[in-house]
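Here is the structure we will look at.
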Amino acid sequence: MSEKRIADLFVIKSRFLRSTHLERDFHDSEALSGYVRTDFVQESCDRIGEGLRPKSGRRAWRVTGDYGSGKSSFALLLANLLGGRDSELPPQLRRVIDFKKLGVAQPSFLPVLVTCSRQPLGTSILQALHASISQVYKRGAKSRISGKIQQLRDGKTEPGDEQILDAIVDTNSQIIADSKGQGLLLIIDELGKFLEFAALNPHRQDVFILQRLAEVASRSANEPLLVVCLLHQGFHAYADHLNQSAQREWEKVAGRFDEIVFNQPIEQVGHLISSALNVRVDQVPKGQASSMRQAMHRAVDLGWFGAAQPQPLLELAPRLYPLHATVLPVLVRIFRRFGQNERSLFSFLLANEPFGLQAFSEHQLHDAEPYRLHNLFDYVRTNFGHRLTVHSYRSHWNLIESVIESYATDAALSLQILKTVGILNLLNDDLLASEESVLCAVAGDDHALQSESRAALEKLQRIKRVLYDRGRSRGLCLWPHTSVDLEKAYDDARRAVQTPQRVASFIKEHLETRPIVARRHYIETGNLRHFDLRYCSVAELVGPVMENPSNADGVIVVPLCETANERDVALEFTKIDELRTRPNWVVAVPHPLSNLASLVQEVQRWEWVMTHTAELNADRYGREGITRQNGWADGIWREGLRLSPESKDFGDGHGERNREQQRKHHEILQDRIQTELFE
Ligand SMILES: Nc1ncnc2c1ncn2[C@@H]1O[C@H](COP(=O)(O)OP(=O)(O)OP(=O)(O)O)[C@@H](O)[C@H]1O
Ligand SMILES: [Mg+2]
């Protein structure tokens, strides 16, 4: 018989691996089967439950939380609880809200589930409203209200805010009158996507509709309307490049919603992990289970679990098998800062990723070591490395990685120590790489291993000189000097640099204006032709840009449109007769540059840091970090200027020259946007 592996102790429930999609999962009876009712989930349900009290004024909520923190799953639970499906829920989720205590009957709201996209909010709501109504008013009995919604949705002109609100209130009254529900439960997921749309199209969509929606819900008294919005960050983050007065408006709108910040405390994440792995604790070898508890004891003593109660943590320890207690707090922070919270957590735990828990759990059970911080370092390097490189200025990742890479040794223990210190240096927060914590992480309660590790630590510091002790408050570190606090310098710059209102002039300085060779033409015909490249403002299109003669074979004119309106003007310009008489002139119209305002601001901030931080002169790593930041920003201008499909194509030359660079920058840009959102 083959040896038992660690993995044989897991009884995994599959639901943990996929993201929740509200509309799809609401009709899947299995969707909540493995959902864990943590204390935090319970408290959040209780808060929203308050809105059920007769005439409560707390009926508009916004749930804010990072990527993958469990917002949609929570909303799905709410839709089931308040939609009268309590008895269909898995046993652990029944009676989550104590309706008796609230003095209300079991509710039966009609859920209206909206997942926003980059389109007007009204359109998304009307679509979802129509879908919900069609569920309760079946075929023959087509209601008046359903017809009204359909008309608004399919009309030639976009419906106004008041018309949409009217439709919602009207539907609410109607379903109550027809006993189809106690009211509407409007859940708006991915609200951030709509806010992005609103920020980019201030002339088309106003966030004021949200304010009105919250007001209507709060005053809905005897005809309750509940509104729950889900989004990744505060409203202000989406309004980043709007002007000050617009930002204040957005704050005001946000203030109309009660906020629930979705951020599970560490011990509850531990609880989630233990539910996901579902370890057969009775089969964990006794010695190993006791080491798990011991390690938890020490980690709690080190203060690594903050103010969490020790007893429940000690009980939790063996259920986290084979994760060493020191791994949990580091894991949570790494995924919060550099990953996607619970989503990253579950793929670490359950997916077959290199150096992840599943790969590790192929080890034989009887003499298994726990999964320690140095194992986590390998996982992070493989799965997050490229992302960390982009943001190295905040984490010193490049430095950490290169020290560890270049340290040539056969001594496994020394390398484990360096990786342990490395991952703690990466976080650089209150989880200090002290001698005590490093010993706990690498050696646990094994006395022989502890003294061996102590000797190795000593050698790494005094003889090898790759570890530096920076005192009680800063702990062990992989580099000797105190590096400039770029994070703080960047924060100062954030305050000092205003949001740019117009960006074209700034971008122009960074653009490449060398003539472009028509390469395909050259390859196919052997004739060398080149085009002048002229960037200009939209106003200049009718003036000097067209008038200046050129010695090249042709001219490509790129009007830098600041806004959608300017872009329309530029596209209109391409139709003038004058251009017809110049077949070798091309006008290439890019997307509106206002999309790039936050990137311009980013570069300006780094330039500010460069010129206002004198200590940088003595800090090579810091300087390199900034140069890298500006390097990617430079390529992004070109990416942002990708030509719109409407503009005339001008051959392959331009594309090929920049394609590889653009691809790289595009990847960085995508990564960058993602990172920006969950940080
Ligand atoms: N309490 C919980 N019990 C079980 N699984 C959970 C729980 N909370 C979150 N998850 C799991 O975490 C993952 C992410 O959850 P979910 O999709 O709800 O997050 P989200 O915050 O909506 O993410 P995004 O911001 O990307 O939309 C899912 O796999 C989900 O099953
Ligand atoms: Mg979601």
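Numerical summary
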| read-out | value |
| --- | --- |
| Filtered residues of segment 504-516 (kept if part of a loop (DSSP other than H, G, I, E, B), modelled with pLDDT under 85 and not basic (Lys, Arg)) | HIS510, LEU511, GLU512, THR513 |
| Candidate set from segment 272-284 (those that are of a type outside the set (Val, Ile, Thr) and closer than 27 Å to PHE335 by Cα); member that is nearest to ligand 2 (Cβ to nearest atom) | LEU272 |
| Residue list for segment 94-108, filter: away from ligand 1 (no atom under 14 Å from the Cβ), closer than 18 Å to THR38 by Cα and buried (at least 16 other Cβ atoms within 10 Å of the Cβ) | ILE97 |
| Among the residues listed as ASP28, ASP39, ASP86, ASP46, the single one being assigned by TED's automatic domain parsing to the domain that holds GLY192 and within 16 Å of ligand 2 (Cβ to nearest atom) | ASP28 |
| Matching entry among GLY70, GLY65, GLY51, GLY103 (being more than 16 Å from ligand 2 (Cβ to nearest atom) and in contact (Cβ under 8 Å) with a residue 60 or more places away in the chain) | GLY51 |
| Matching residues, segment 274-312, being part of a helix (DSSP H, G or I), without any contact (Cβ under 8 Å) to a residue 60 or more places away in the chain and within 29 Å of the chain's Cα centre (by Cα) | SER274 |
| Flag for ARG212 being out of contact with any Lys or Arg (no Cβ under 7 Å at 6 or more places or on another chain), in a helix (DSSP H, G or I) and without any contact (Cβ under 8 Å) to a residue 12 or more places away in the chain | no |
| Scope segment 459-503; condition polar (S, T, N, Q) and at pLDDT below 85; matching residues | SER473, THR482, SER483, GLN498, THR499, GLN501 |
| Options LYS180, LYS156, LYS193: the member that is more than 30 Å from ASN243 (Cα to Cα) and out of contact with any helix residue (DSSP H, G or I) (no Cβ under 6 Å at 6 or more places or on another chain) | LYS156 |
| Only one of LEU365, LEU349, LEU373 that is at pLDDT 90 or above, within 16 Å of ligand 1 (Cβ to nearest atom) and not hydroxyl-bearing (Ser, Thr, Tyr) | LEU349 |
| Residue within segment 377-399 that is touching a residue at least 60 places away in the same chain (Cβ under 8 Å), more than 30 Å from MET610 (Cβ to Cβ), of a type in the set (Phe, Trp, Tyr) and assigned by TED's automatic domain parsing to the domain that holds LEU460 present | no |
| Qualifying residue in segment 514-532 (condition: under 30 Å from PRO202 (Cα atoms), in the same structural domain as VAL587 (by TED's automatic domain parsing) and surrounded by 12 or more Cβ atoms within 10 Å (Cβ to Cβ)) | no |
| Scan of segment 517-537 for residues that are out of contact with any strand residue (DSSP E or B) (no Cβ under 7 Å at 6 or more places or on another chain) and either assigned to a helix (DSSP H, G or I) or β-branched (Val, Ile, Thr) (or both), ordered by number | ARG519, ARG520, HIS521, TYR522, ILE523, GLU524, THR525 |
| Complete set of residues in segment 239-271 that are within 16 Å of ligand 2 (Cβ to nearest atom) and crowded, with 19+ Cβ neighbours inside 10 Å | ILE260, PHE262, GLN264 |
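Yes or no, residue by residue, for (1) crowded, with 19+ Cβ neighbours inside 10 Å; (2) in a strand (DSSP E or B); (3) within 16 Å of ligand 1 (Cβ to nearest atom):
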position: GLY51; (1), (2), (3): yes, no, no
position: GLY57; (1), (2), (3): no, no, no
position: ARG62; (1), (2), (3): yes, yes, yes
position: SER73; (1), (2), (3): yes, no, yes
position: LEU76; (1), (2), (3): yes, no, yes
position: LEU81; (1), (2), (3): yes, no, yes
position: GLY84; (1), (2), (3): no, no, no
position: GLN92; (1), (2), (3): no, no, yes
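The values are calculated or read from the model by the stated rules, or taken from the named source; none is laboratory data. Predicted, not measured: the structure shown is a model, and the values here were computed from it. Cβ coordinates were reconstructed from backbone atoms using ideal geometry, including for glycine residues, and neighbour counts include every protein chain displayed.
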